[in-house]
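Enquirer: Sharing a structure, written as structure tokens. Questions coming.
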Amino acid sequence: MTATVRFAPSPTGMIHIGNARTALFNALFARQRGGSFVLRLDDTDVARSREEYAEAIIRDLEWLGITPDRIERQSKCFALYDAAAEKLKAAGLLYPCYETPDELERRRKRRRARGLPPAYDRAALKLSDEERAALEAEGRKPHWRFLLPNYETDPFETRRSEITWPDLCRGDQSVDLTSLSDPVLLREDGTYLYTLPSIVDDIDFGMTHVIRGEEHVANTAVQIAIFHALNATPPIFGHHNLLTTASGEGLSKRSGALSITALREVGYEPMSVASLAVLIGTSDAVEPMVDLDALTEHFDLSHVSRAPARFDPSDLSNLNARLLHHLPVESVADRLVTMGVASDKVSEFWEAVSGNLEKLADAVGWWRIISGQMQPVIAEEDREFLSKAAGLLPEEPWDGETWKTWTNAVKTATGRRGKGLFMPLRKALTGREHGPELARLLPLIGRQNTLDRLA
Ligand code: GLU
């Protein structure tokens, strides 16, 4: 079966790595099946939704390598939601209620005190036309509830009514509707809660699968009932575990430091963010995948764990370093050249430094060292040794063997070995005590630069 899936964020903030997890799960799922991926912007909350966030979401997905096949906006679909609401009203499945939040709270307390579940008691269903008119004459406006199918003929005689679905991540799920409140679908100001628009769009856009975070499990039973009430076949659902911060708190669009935009700005590679977002909290090892094709092959929704997974930004540093070490030069050459690396040296340079970088931007520092924007570090007691070494420098052309040939000659001539031999050379040539293998750096530095640094 092919797949049409969606990622449905509200454009009310920056997406974080937990949102990216949902987006990637859907995108990879579609790629595995040659299906399509829809970005649905859930912008029914007109006051809180902002175009700049919508743009940031599209940019962040693009950076992760996800280009939606379609972009849809809920704010363009109100007519469809109204039509669905009318259909439910006509079927007697969406009914007006007039209770204020205070009244509802008092009722909940009374029911609890009597040992009853605190679900809404459907009192509004008993209102006559005159009573409704009287309430409206008082200035009250109705909110609208969906009548859950948890009864046989009399809505006041509820009975066990299980909604079941085979969840792609959690296995067989079952929720009993008996003790749930009829969900409010429309607020008294006429605005929609998330529930109905999501269903209408999932039907209208032909979603075959809905993959989302497990905070929606409870919604799913209700949504399945509404799909049926609208004579539609529900999609197949999958609810994945959530990510928390390192200290165990939920991620929120407000925790800006962990937003995808922030991770990009700090200089992480998209594939290390994507690899971590997908593989953390699964039974698979978190390995850096070099591109989305590799990640797609690796990804399996049924490997997702049940428990929440902690996201620690330090895991990302580690993974990023490992990824850079594996990345072929073709995937970074353009960026290295933009950073100033000479295009004819980019392959050699990448081979030399890729194992020593935490972030790609660190490469600039090594390029500066190679190309001469550096200060050699020379201790007084090493001056003579270094000038002897300069005298033994082989003629060019140089290759990967030059370092060995040269230092063997220096060793024989000076009697120095080990650290005493290599450290003064490293500090003179790079200005640092640690770094990439000198055998690789030396041909990049070149003979004249080397002579200048040893003097
Ligand atoms: N806008 C909803 C959210 O971000 C979408 C949930 C869904 O995927 O159905 O939670």
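Enquirer: Out of the residues in the stretch 29-70 that are hydroxyl-bearing (Ser, Thr, Tyr) and within 15 Å of the ligand (Cβ to nearest atom), state the one that is nearest to the chain's Cα centre (by Cα).
Expert: By that ranking, first place goes to TYR53.
Enquirer: Taking VAL346, is it in contact (Cβ under 8 Å) with a residue 40 or more places away in the chain, crowded, with 18+ Cβ neighbours inside 10 Å and of a type outside the set (Phe, Trp, Tyr)?
Expert: Taking the combined requirement at face value, the residue does not satisfy it.
Enquirer: Related question: Taking the stretch 134-150, which residues are more than 19 Å from ALA218 (Cα to Cα), open to solvent by less than 60 Å² (accessible area, probe 1.4 Å) and not in a loop (DSSP other than H, G, I, E, B)?
Expert: ALA134, LEU135, HIS143, TRP144
Enquirer: Any chance the stretch 81-100 includes a residue that's over 30 Å from ASN231 (Cα atoms) and of a type outside the set (Asp, Glu)?
Expert: yes
Enquirer: When the residues of the stretch 217-239 are filtered to those that are surrounded by 14 or more Cβ atoms within 10 Å (Cβ to Cβ) and at pLDDT below 95, which remaining residue is farthest from the chain's Cα centre (by Cα)?
Expert: Ranking the candidates gives ASN219 first.
Enquirer: Looking at (1) in contact with a helix residue (DSSP H, G or I) (Cβ under 7 Å, 6 or more places away or on another chain); (2) under 30 Å from SER317 (Cβ atoms); (3) loosely packed, with under 13 Cβ neighbours inside 10 Å; (4) not β-branched (Val, Ile, Thr), which is the only condition ALA361 fails?
Expert: (1)
Enquirer: Condition first: more than 16 Å from the ligand (Cβ to nearest atom), under 17 Å from ASN19 (Cα atoms) and of a type in the set (Lys, Arg). Can you find one or more residues in the stretch 251-261 that meet it?
Expert: no
Enquirer: Quick check: is even one residue across the stretch 41-60 open to solvent by 40 Å² or more (accessible area, probe 1.4 Å), touching a helix residue (DSSP H, G or I) at 6+ places or on another chain (Cβ under 7 Å) and modelled with pLDDT under 95?
Expert: So far as the stretch 41-60 goes, yes, one or more of its residues are open to solvent by 40 Å² or more (accessible area, probe 1.4 Å), touching a helix residue (DSSP H, G or I) at 6+ places or on another chain (Cβ under 7 Å) and modelled with pLDDT under 95.
Enquirer: Restricting attention to the stretch 33-60, which residues are in contact (Cβ under 8 Å) with a residue 40 or more places away in the chain and closer than 24 Å to ILE203 by Cβ?
Expert: Hits for the stretch 33-60 are GLY35, VAL38, ARG40, ASP42, THR44, ASP45, ALA54, ILE57.
Enquirer: Still on this structure, I have one more. Got at least one residue in the stretch 240-256 being assigned to a helix (DSSP H, G or I), open to solvent by 20 Å² or more (accessible area, probe 1.4 Å) and under 22 Å from PRO9 (Cα atoms)?
Expert: Yes, there is a match, as at least one residue in the stretch 240-256 is assigned to a helix (DSSP H, G or I), open to solvent by 20 Å² or more (accessible area, probe 1.4 Å) and under 22 Å from PRO9 (Cα atoms).
Enquirer: Moving to a separate point now. Say we look at the stretch 12-27 and pick out the residues that are more than 10 Å from the ligand (Cβ to nearest atom) and in a loop (DSSP other than H, G, I, E, B); which of these is surrounded by the fewest Cβ atoms within 10 Å (Cβ to Cβ)?
Expert: GLY13
Enquirer: If you scan the stretch 205-223, which residues turn out to be more than 9 Å from the ligand (Cβ to nearest atom) and among the small types (Gly, Ala, Ser)?
Expert: Residues satisfying the conditions are GLY206, ALA218, ALA221.
Enquirer: I would also like to ask the following. I need the helices (runs of 4 or more DSSP H) fully contained in the stretch 343-439, keeping only those with at least 3 residues that are among the β-branched types (Val, Ile, Thr) and within 50 Å of the chain's Cα centre (by Cα).
Expert: 362-371, 402-414
Enquirer: Would the stretch 190-207 turn up any residue that is open to solvent by 10 Å² or more (accessible area, probe 1.4 Å), closer than 17 Å to GLY18 by Cα and not small (Gly, Ala, Ser)?
Expert: No, the stretch 190-207 has no match at all.
Enquirer: From the list THR402, THR338, THR407, which residue is open to solvent by 60 Å² or more (accessible area, probe 1.4 Å) and of a type in the set (Val, Ile, Thr)?
Expert: Among THR402, THR338, THR407, only THR338 is open to solvent by 60 Å² or more (accessible area, probe 1.4 Å) and of a type in the set (Val, Ile, Thr).
Enquirer: While we're on this one: So PRO183 ticks every box in (1) within 13 Å of the ligand (Cβ to nearest atom); (2) surrounded by 18 or more Cβ atoms within 10 Å (Cβ to Cβ); (3) free of Cβ contacts under 8 Å to residues at least 40 places away in the same chain but one. Which box is left unticked?
Expert: Failing condition for PRO183: (1).
Enquirer: Every residue in the stretch 61-84 that is aliphatic (A, V, I, L, M) and either surrounded by fewer than 19 Cβ atoms within 10 Å (Cβ to Cβ) or without any contact (Cβ under 8 Å) to a residue 12 or more places away in the chain (or both), please.
Expert: The answer is ILE71, ALA79, LEU80, ALA83.
Enquirer: Does ALA30 satisfy the criteria of being crowded, with 21+ Cβ neighbours inside 10 Å and of a type in the set (A, V, I, L, M, F, W, C)?
Expert: Criteria met by ALA30.
Enquirer: Which condition from (1) without any contact (Cβ under 8 Å) to a residue 60 or more places away in the chain; (2) open to solvent by 10 Å² or more (accessible area, probe 1.4 Å); (3) not small (Gly, Ala, Ser) is the one that ASN449 breaks?
Expert: Result: ASN449 passes all but (1).
Enquirer: Based on what the data block shows, is ALA262 at pLDDT below 95, hydrophobic (A, V, I, L, M, F, W, C), loosely packed, with under 15 Cβ neighbours inside 10 Å and part of a helix (DSSP H, G or I)?
Expert: No, not satisfied.
The values are calculated or read from the model by the stated rules, or taken from the named source; none is laboratory data. Quick caveat: nothing in here was measured; it's all calculated off a predicted structure. Cβ sites come from the backbone with ideal geometry, for glycine too, and all protein chains shown count toward neighbours. For the accessible areas, the whole protein counts, side chains as well, though only heavy atoms, and no ligand, DNA or RNA atoms are used. Shrake-Rupley method; radii C 1.70, N 1.55, O 1.52, S 1.80 Å.
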